[in-house]
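Read the figures in this text as sums done on the coordinates, not as results from a lab. Everything quoted here is computed from the prediction, not taken from an experiment.
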Amino acid sequence: MDYKNLTLEDPELMRIIDSESKRQAEEMEMIASENYVSKSVLEAMATVLTNKYSEGYPGKRYYGGNQIIDEVESLAIERAKELFSAEHVNVQPLSGSPANAAVYFAFIKPGDKVLGLKLDHGGHLSHGHPINFSGMLYDFVQYEVNAKTEKIDMEEVKKIALREKPKMIVAGYSAYSREIEWEEFKKIADEVGAYTFADIAHTAGLIAAGEMNNPVPLFDVVSTTTHKTLRGPRGAMIMCKKEYAKQVDRAVFPGMQGGPHDHINAAKAVAFKEALEDNFKDYAKQTIKNAKVLASELTAKGYKIISGGTDNHLLVVDMTSKNLTGKEAETILDRIGISVSRSTIPNDPNPPMNPSGVRFGTPAITTRGMKEDEIKRIAAWIDSAIANKQKIEVLESIRGEVKKLCLEFPIPDSFCHFD
Ligand SMILES: *Cc1c(COP(=O)(O)O)cnc(C)c1O
């Protein structure tokens, strides 16, 4: 896209966007929830589909002129169904948190009891945190990771479920690096008569590629963002069993939202097509391999990785193993051009604004084509920056190295020829 109209009409904004493009090209994104979309996804978002109002669903709209929009949405739905073996898909949720709001709205009532993983143990705000609508509207009981293994302890989940008898159990997390025992969750939920809700916002791409276990055929309802490992536009979707199709659709519209964002839904369709290609499997496989190499390299350099390693695309590092807080580490890494996000660790003694950990993710750098060799260099730079945090000239020199590597691995325009 040449942005020639935007350049003429609003040079002030165009200049800001250009700076961000340059930053993304020259710096390294290791935030676990971020990725780069293809030019095709970008192009689909920048279309006249944004001009349309289409409240309702394909074939049942509240506005005229939606025959073509119906084709767009149906295409996105069919591709998502194929990708996740889903019985029913709603592609209209605007983002992950609104999708989760719609899931609760569809299945339970305010005041009902729900089980969710605690935020500082890797859960998401929308899984019952007291400052989030979920924690205010529903009676959330929070489970935790095991203090020793730092993994989810299914015996403990079972004990809490039997004691609390929740209406719904939520699994799927934001800062948890291990495979999830979906079958065990399902068994426990069946035993207490609870709905099963999986939030695969982070791992959806890895699941779609068959590199992690898929809860969709097993669980009652599954939500996901489309912009994390799935590498699509910013947005979300809900998948569920056929028997819940009506209540889920009604909860999204008219329950929570008005008109869908048809240009974004078109971009979702493009991303799903890309994820159905064989090379997306290679991408997912390499993303996990890269995260495992990063974990073992950092472990060898004396960093403590929460749960001792990773099965997916992310790792949480306890920075107190290097006498730093997560925020301090985030700031140091910013200076060498590597973006990460500070993160709580289980039972974090530090406050959420300045927690003890840092979360690293490999989805974005793997999209650029980086592999094991590059990861080893990155791990060495991270360690050197942290060891030399006071030495501005060392940090500047590493920043140069990071930029050089980024320019050697540009953000690809297309994923059709990924190797
Ligand atoms: C990222 C995330 C979300 C929220 O997505 P937004 O699009 O930022 O609202 C929900 N659940 C989990 C587990 C996430 O990691």
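For this structure, a couple of remarks:
- Part-to-part distance (alpha-carbon centres) for the stretch 70-105 and the stretch 189-218, which is given in Å: 15 Å
- Antiparallel %, DSSP beta bridges [both residues in the chain], to 5: 55 percent
- Spatial extent of the stretch 43-275: Rg and Dmax, with the Cα atoms as the point set, Å: 17.4, 59
- The alpha-carbon atoms of the chain define a convex hull whose volume equals 141 cubic angstrom per residue.
- Counting all C-alpha pairs of the stretch 361-403, share separated by more than 12 Å (%): 63 percent
- For the stretch 183-193, Karplus couplings with θ = phi - 60° (6.51, -1.76, 1.60), whole Hz, Gly/Pro x: 4, 5, 4, 5, 4, 4, 4, 4, 5, 9, x
- Just so you know, the Rg over Rh for the stretch 1-143 is 1.04, from Cα atoms, with Rh as the Kirkwood radius.
- Residue with peak Gaussian network fluctuation, the chain [Cα springs, cutoff 10 Å], from Asn290, Asn214, Asn388: Asn388
- Gaussian network model of the chain, springs between alpha carbon atoms under 10 Å - residue of Thr226, Thr47, Thr310 with greatest fluctuation: Thr47
- Of Glu277, Glu181, Glu20, the one that fluctuates the most in a GNM where the chain has Cα springs shorter than 10 Å: Glu20
- J(HN,Hα) series, the stretch 38-46, from Karplus relation 6.51 cos²θ - 1.76 cosθ + 1.60, nearest Hz, glycine and proline x: 6, 4, 5, 5, 4, 5, 4, 6, 8
- Set of lysines near Lys403 by C-alpha distance (under 20 Å), chain-local residues within fewer than 8 positions excluded: Lys22, Lys371, Lys376, Lys389, Lys391
- Set of lysines with alpha-carbon distance to Lys81 below 18 Å, sequence-local pairs under 8 removed: Lys241, Lys242, Lys246, Lys268, Lys273, Lys281
- Within the stretch 43-275, percent of DSSP bridges classed antiparallel, to nearest 5: 45 percent
- With θ taken as phi - 60° and the Karplus curve 6.51 cos²θ - 1.76 cosθ + 1.60 applied, the whole-hertz 3J(HN,Hα) list for the stretch 54-67 is 8, 3, x, 9, x, x, 9, 9, 9, 10, x, x, 9, 4 Hz, x standing for glycine and proline.
- Distribution of pairwise C-alpha distances over the stretch 74-152, 10 Å bins, in %: 17, 37, 30, 16, 1
- Between the stretch 130-155 and the stretch 289-319, the alpha-carbon centres lie 23 Å apart.
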